[in-house]
Structures are given as C-alpha cells and as structure tokens.
1. Only one of (1) β-branched (Val, Ile, Thr); (2) within 17 Å of residue 225 (Cβ to Cβ); (3) without any contact (Cβ under 8 Å) to a residue 12 or more places away in the chain is not met by residue 181, so which one is it?
2. Could you tell me which of the residues 144, 115, 129 is touching a helix residue (DSSP H, G or I) at 6+ places or on another chain (Cβ under 7 Å) and at pLDDT 95 or above?
3. Could you check, for region 259-272, whether at least one of its residues is more than 22 Å from residue 84 (Cα to Cα) and either assigned to a helix (DSSP H, G or I) or touching a strand residue (DSSP E or B) at 6+ places or on another chain (Cβ under 6 Å) (or both)?
4. Would you please list the contacts, defined by Cβ atoms under 8 Å and residues six or more apart or on different chains, that run from a residue in region 102-130 that is more than 19 Å from residue 225 (Cβ to Cβ) to a residue that is of a type in the set (A, V, I, L, M) and at pLDDT below 95?
5. Looking at this structure, is residue 305 closer than 27 Å to residue 34 by Cα, touching a Gly at 6+ places or on another chain (Cβ under 6 Å), open to solvent by less than 10 Å² (accessible area, probe 1.4 Å) and of a type outside the set (S, T, N, Q)?
6. Does residue 315 qualify as being within 26 Å of residue 215 (Cβ to Cβ), surrounded by fewer than 20 Cβ atoms within 10 Å (Cβ to Cβ) and not small (Gly, Ala, Ser)?
7. Any chance you could count how many residues in region 283-301 are exposed (fewer than 15 other Cβ atoms within 10 Å of the Cβ) and under 18 Å from residue 85 (Cα atoms)?
8. Taking interchain pairs and intrachain pairs at least six residues apart, which have beta carbon atoms under 9 angstrom, with the first residue in region 191-205 and free of Cβ contacts under 8 Å to residues at least 60 places away in the same chain and part of a helix (DSSP H, G or I) and the second surrounded by fewer than 21 Cβ atoms within 10 Å (Cβ to Cβ) and of a type in the set (S, T, N, Q)?
Amino acid sequence: MGGIAALSRPGTTTGVAPAEEDIKPLDIASVAREFPIKAKRSYLNNASIGPLSNPVIAAMEVFLHDVRDRGRNNYPNWCSYADNKIKGRIARLIGARTNEIAFVKNTTEGLVTVANGLDWRDGDNVIIADIEYPSNVYCWMRLAKRGVSIRWVKSEGGRVTVDALAEAIDSKTRLISLSAVQFSNGYRQDLALTSELCAKRGVQLNLDAIQWVGALEMDVSRYHIDFMAVGGQKWLLAPIGTGFFYCNQDSLDCLDPPSVGYHSVDKGEAHMDYELAYRPDAGRFEEALVNFPGIWGLDAAVKILLGLGSGHVERHVLDLTEFAAERLKRAGCEVVSPIGERERSGILSFRLPHADAETAAEQLRARGIDVAVRGNALRISPSYYNDRPEIEHLVQELSALHPR
C-alpha cells in the first residue's frame, strides 16, 4: 500500500511529481482498488481507451497546480524532469535507452514520423498486413505520390506469418510496418523471428505496439526494432493525448524529423540562434512544447507498471484471457482469436451463436459490462486491475441474454 500512497501524494513546490526514484513493489489487489471504475462497472475494453487510476489523476494535478500557482517559473525543471526521469522510466519499461525515447500525443504520430521521415526513393516499397489498424495503413498509402508502393501480406487465420513476410520482401523493400498485437483479434507477432528476418534481409522494422506495451512484457534490447510507437490511452492506462516513440539509436539518422520547431534543437533560451542542429537524441522529434500535464499522468501509469513488474502483469492478463476463452467456449461461444501459447495477448475476440455482436454489446453495456465490437465479433481486453469475477460476470450475463 505504501507504494500506491506515494504515487497518489499531492504536488510539491517544485512542479515535479513526487520523485520516489526507487520504484517500490506493488501488488495487483492494492492497485486495482485505485481504479474507481471498478466499483461501478466490469470494464473489459482496455484495448480501446483504458480508465484512469487515482495516482494518474493525482500526478496530473501536481503539474496543473504548479502552473496555477507559479506560472512558467518551473519550466526548466519540467523539461529536465521529463527528459531525464520520465523518459528514463519509460525506457526501463521497454528495455531501451533514455535517449531513444520521444514523447508523442498518440501512436499515429509515431507512425507518421517514420512514414514522412525516411528518405524514400522512387520504386521503394513498404510491407504491411491486410488486417492492420488504419493508422498503419493511410500513412503508407499517402507515399504513392513519392513513388512508394505497398506490398500487402495476406493474413492466414488472423495471423501474419513470418514466412508470408519473407515471401513479400524484394530488392526494393525498405520497411516492414506491423502491429505487434493485432487490434481486431489479438494475434501476437513473433517479434524474435520477425526482427531476425528484417536484420537478415536488410529491411527496417517499424512497430505499432499500442496493443502490446502495458499488457505484455516488452524488451526491445532482445530484438532489432528500428522504430516503435505506443499511445498511452490503452494498456498503459495513461491520459489521452500521451504516448512515446522509440527510435533505436542506430537508426536515429535514418529519419529526417518531419515536423521541426524550437524543441527539435538543443539551444535552451537562445531563441535567436537559428542554426538548425538537431538534438542528438530522439527528442529531435518533439517539435515544440509537449503535453506536460498528460506526461505527468503517463509517468504515474508507468510507475505502476514498473512497481507491478511487466512479467507479473503479462501473466495476470494472459491468465484472464485464457480463463475467458475456456468459459466462453463452455457457454457455446466461438473464440476467433488465435490462442496458441506464443500468439495470445490481452485481446480475446469471440462470436455468439445466432446473435448480433453490436446488439449484444449494447445489452452488456446496459448491464454494466463494457466490451468492443471488431469484425462482427465481441472483443474483450482485460488489464491488470481486472479479475476473474468480472469474466464470470460477463459469461453469466451473456448466458442470460442469449441462452443456448
């Protein structure tokens, strides 16, 4: 409890969130009590927008109170704390270096940074799958005016296989851009084999990892990933309008920042020095003032994940989706998500026999259970604050609404 209480502590006089630099171990039961939504609903839609915890809201208030009381006076402190401490904790969460992290407002911003930042040549191509979220499609389609084409990989049973990716690569392939976890069915990409393929074939790898980070353990040091974008509003359970972009330091100079402003350079208050010399780290992709209130909330969310431990969170989340799959199948539902040991994630999609998914979702919402509809299937996405009784609640209500 002490760790959670510290995260919820009110603001300080410096405008910096309570700096308990040594992350204290946390337990899931205590953390779960910090989510007010849990007392009101069985919220199983974290793959869409996750609810905020008390510590996240308290951390945002720390910053807002500082601006209320001191205006701009702590601005240098904000910048230093965000660049060093907060990015350091994000880097620790994913096994990266602090200088490889940039703040973004959403996953799309990170994807677009790659799409518009690479030095494309006429005739180049990028490989994407036919089941990607639109944000990982439109930015590549837009490159057609620059002579860049898309090579589509057809999914097989909801899976994007490494063999299919290998077959799609040709001499003009510059980049493979994939979701680490597919939004519609939860298929988890084999990052080890995928990154090994890219390294072997000289192709860069870009990941949309918003459906991975915060639910599954991520260690980028184990793979060769060039770029990765993660929005905060889903599994990180952080504020809307927050997120981070990972740029492997060996790939930093492969991207020309598509948006440039006074934060892209490292000149402090020397605003009239117009030499365009980019910051030597991923911070060059932050063109201007970042969303400090949201980032303070993001930091609190990351602290919770570090306190719980990513491995512990992954085991808890996978236990819930495995339990849900078993109970739903017993109730007569068809599970459509890939459920192999190495392809499962925090997302589970299923269909009801003889029932419309949209209607069922509305009926569940009226009964205090929140799910999503994707591809004519119901989708659940339990997080670390969820538990088995909430899964039982879902199955019981489905059985009452649609008896076999």
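The values are calculated or read from the model by the stated rules, or taken from the named source; none is laboratory data. These figures come from a predicted structure and were not determined experimentally. Here the Cβ positions follow ideal geometry from the backbone for every residue, glycine too, while neighbour counts run over all protein chains shown. Surface accessibility is based on the protein's heavy atoms, side chains included, excluding ligands, DNA and RNA. Shrake-Rupley method; radii C 1.70, N 1.55, O 1.52, S 1.80 Å.
1. Against the list (1) β-branched (Val, Ile, Thr); (2) within 17 Å of residue 225 (Cβ to Cβ); (3) without any contact (Cβ under 8 Å) to a residue 12 or more places away in the chain, residue 181 comes up short only on (3).
2. Values: 144 fails: touching a helix residue (DSSP H, G or I) at 6+ places or on another chain (Cβ under 7 Å); 129 fails: touching a helix residue (DSSP H, G or I) at 6+ places or on another chain (Cβ under 7 Å).
That would be 115, the only listed residue that is touching a helix residue (DSSP H, G or I) at 6+ places or on another chain (Cβ under 7 Å) and at pLDDT 95 or above.
3. Taking region 259-272 first, the residues more than 22 Å from residue 84 (Cα to Cα) are 259, 271-272.
Retained after the next criterion (residues that are either assigned to a helix (DSSP H, G or I) or touching a strand residue (DSSP E or B) at 6+ places or on another chain (Cβ under 6 Å) (or both)): none.
Among the residues of region 259-272, not one is more than 22 Å from residue 84 (Cα to Cα) and either assigned to a helix (DSSP H, G or I) or touching a strand residue (DSSP E or B) at 6+ places or on another chain (Cβ under 6 Å) (or both), which makes the answer no.
4. none
5. Numbers: closer than 27 Å to residue 34 by Cα: yes; touching a Gly at 6+ places or on another chain (Cβ under 6 Å): no; open to solvent by less than 10 Å² (accessible area, probe 1.4 Å): yes; of a type outside the set (S, T, N, Q): yes.
Against the criterion (closer than 27 Å to residue 34 by Cα, touching a Gly at 6+ places or on another chain (Cβ under 6 Å), open to solvent by less than 10 Å² (accessible area, probe 1.4 Å) and of a type outside the set (S, T, N, Q)), residue 305 does not qualify.
6. Details: within 26 Å of residue 215 (Cβ to Cβ): yes; surrounded by fewer than 20 Cβ atoms within 10 Å (Cβ to Cβ): yes; not small (Gly, Ala, Ser): yes.
Considered against the rule, which asks whether it is within 26 Å of residue 215 (Cβ to Cβ), surrounded by fewer than 20 Cβ atoms within 10 Å (Cβ to Cβ) and not small (Gly, Ala, Ser), residue 315 comes out as yes.
7. 1
8. 201/173
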